[in-house]
Amino acid sequence: MNLKLSIVNYQLSIFVAIVTFFAIPLKAQVTIGAQKAPHSYSVLELTSTKGGFRLPMLSSDERDALKLTSDSTEAGGLFIYNTDINCVEFWSDGKWIDLCSATPAGSIVNSITLTSAAGTDDQTVCGGAGITPVTYATTGATGATFIGLPAGVSGSWDAGVVTISGRPATSGNYIVVLTGGNGSGMAIGTITVNKVLSAISGNNGVTKGATGLTYSVTPVSGVTTYTWTVPTGWSITAGQGTYSITVTASSIDEPAGTITVTANNGNCTGTSTLAVSVGCPVKTVSGSWLTFMCYNLGAADAIKSLTPTQQAAYTTPEDEYGDWYQWGRQADGYQLRTSQAYPTNNTSDESSGIVSNPNLDGNGQVVSTFEASGKFIKSNTDWRNPQDNTLWYSNDKTVNDPCPAGWRVPTHVEWATMIQNNGTVNTRIWNSSGTAGYLIKPLGNSDATLFLPAGGYRFSNNSIEINVGSAGYYYSSSTNGIYAYSLNFDGIGINPDNNSSRANGFSIRCIAK
């Protein structure tokens, strides 16, 4: 045979074999580049010490010409090398993913950029002052979360803009983390509070006319002068210009006032304030004070200037009892102790001036007159039909509340606090030469700070007076179903959680609002 023909036949045989090899579906595992069996988990293994496996090289336009769409699920796992971004991409879940950023190809990666003034993301403020709002512009994200913002500072997200604002109570570092979109853009910032002054230390509720009261702040490095102001009627007796003052309180009941101190340490001017009230204070469980008025509503003027101890020794108890009030009656709807009665259940207070039939004694002489609005409305449950729980609303001052401006009817929780923290059981005054009642001495105090006389009450069914001088009944602003909570006591015990008919006429002792 001709040598040239033999070579041609040999080449043809190899070609046929290759075509046949690729025409028949492979069912075995294959290793290329080495004489060894592939691993059990491999269909194809490439082995070489001279080079690597090169993927198809496509530009973004050439890649997009493949016309894969979001429903091209059969193309999942397809790999290419994108020559525009110099990165491997693969098709997964209906989109191209590049291995350099692990984000969908062509999508916008989350980013966050400070847009407020330079340095606002690392700012220092004086204690009590608000920060300059910090703003960031973002792309790609759909929201943001905030980590580590100091108390008093909050973050918000609105149409791609992040805003941080507020009045920080403490220093702190914060992180803004973008959510949604692609990637995890974030920003870091610092808020530092140069707190010039601490909170003012001292009693927030004080006895009227009290002397030697001390109020102070923690000394601050660099501060040489502290400027104090006290409420009208108070006086500073020592310490003005220093971090601690001694004062004398007002001689009259005052429901609200403010003590203020201002100082400057060269970097910041700081101010601290403390709300105070003057009256008859009792301790709370936290060690602060609740300030009650020092006398019942309607008590005689002679009582208003007396101390609690003097009231307990007073020999004309009728001056101390004050008026009776049905729960929820308006401020001009007070119940005089000489009040006559209306029929059952009104829907509102009535007021028509002085009645034409005054109280007469046995000889027909006028003893007293009274306003029609002060008449007692008889009822088994409530003077008002239908009932209204908001007339004296708990923890609030309403238009129906009979207490003067700055004062309100106490809640039953506040009555309970008075009992729990103020030694009342051992200080009741009964069958004494003065007025029966409870003399309150806060635990740890030798001085009494509150006296509650046993003024009795007017009974809802028939308007008669009951237990005058032998028991006390004081409304709270709190309701319990169809009833109102009240503080009741006698010579044996005291209870702040009694359920009482709202048509009863009870005493009122106001508390600072």
From the list V223, V176, V153, V217, which residue is in the same structural domain as I245 (by TED's automatic domain parsing) and under 27 Å from the mean Cα position of the chain (by Cα)? V217
Tell me, please, whether a residue that is more than 30 Å from I97 (Cα to Cα) and modelled with pLDDT of 75 or more can be found in the range 53-60. no
The lone exception for S394 - which of (1) more than 30 Å from K441 (Cβ to Cβ); (2) at pLDDT below 85 it fails: (1)
State yes or no: is D382 part of a loop (DSSP other than H, G, I, E, B), among the charged types (D, E, K, R) and within 26 Å of the chain's Cα centre (by Cα)? no
When you look at G128, is it surrounded by fewer than 19 Cβ atoms within 10 Å (Cβ to Cβ) and not in a strand (DSSP E or B), yes or no? no
Scan the range 136-155 residue by residue and report those that are in a strand (DSSP E or B), surrounded by 18 or more Cβ atoms within 10 Å (Cβ to Cβ) and not small (G, A, S). Y136, T138, V153
Residue in the range 205-229 that is modelled with the lowest pLDDT, counting only those that are among the aromatic types (F, W, Y) and closer than 19 Å to C268 by Cα: Y226
For the range 292-339 the number of residues that are surrounded by 21 or more Cβ atoms within 10 Å (Cβ to Cβ) and on the phi > 0 side of the Ramachandran plot is 2
Set V282, V193: member being of a type outside the set (K, R), in a strand (DSSP E or B) and within 18 Å of G127 (Cα to Cα): V193
Residue check for V193: buried (at least 19 other Cβ atoms within 10 Å of the Cβ), within 26 Å of the chain's Cα centre (by Cα) and under 30 Å from P442 (Cα atoms): no
When restricted to P442, P410, P386, the only residue at pLDDT below 90 and within 20 Å of S277 (Cα to Cα) is P442
Can you pull out every residue in the range 462-487 that is in a loop (DSSP other than H, G, I, E, B) and aliphatic (A, V, I, L, M)? I464, V468, A471, I482
Does at least one position in the range 250-259 carry a residue that is surrounded by 17 or more Cβ atoms within 10 Å (Cβ to Cβ), in a loop (DSSP other than H, G, I, E, B), of a type in the set (S, T, Y) and outside the structural domain of G127 (by TED's automatic domain parsing)? yes
Is it fair to say N194 is in contact (Cβ under 8 Å) with a residue 24 or more places away in the chain and in contact with a Pro (Cβ under 9 Å, 6 or more places away or on another chain)? no
Qualifying residues in the range 458-513 (those that are touching a residue at least 40 places away in the same chain (Cβ under 8 Å) and among the acidic types (D, E)) - the one surrounded by the most Cβ atoms within 10 Å (Cβ to Cβ): D497
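The values are calculated or read from the model by the stated rules, or taken from the named source; none is laboratory data. What you see is a predicted model; the values in this text were computed from it and never measured. No Cβ is skipped: glycine too gets one built from the backbone with ideal geometry, and neighbour counts run over all protein chains shown.
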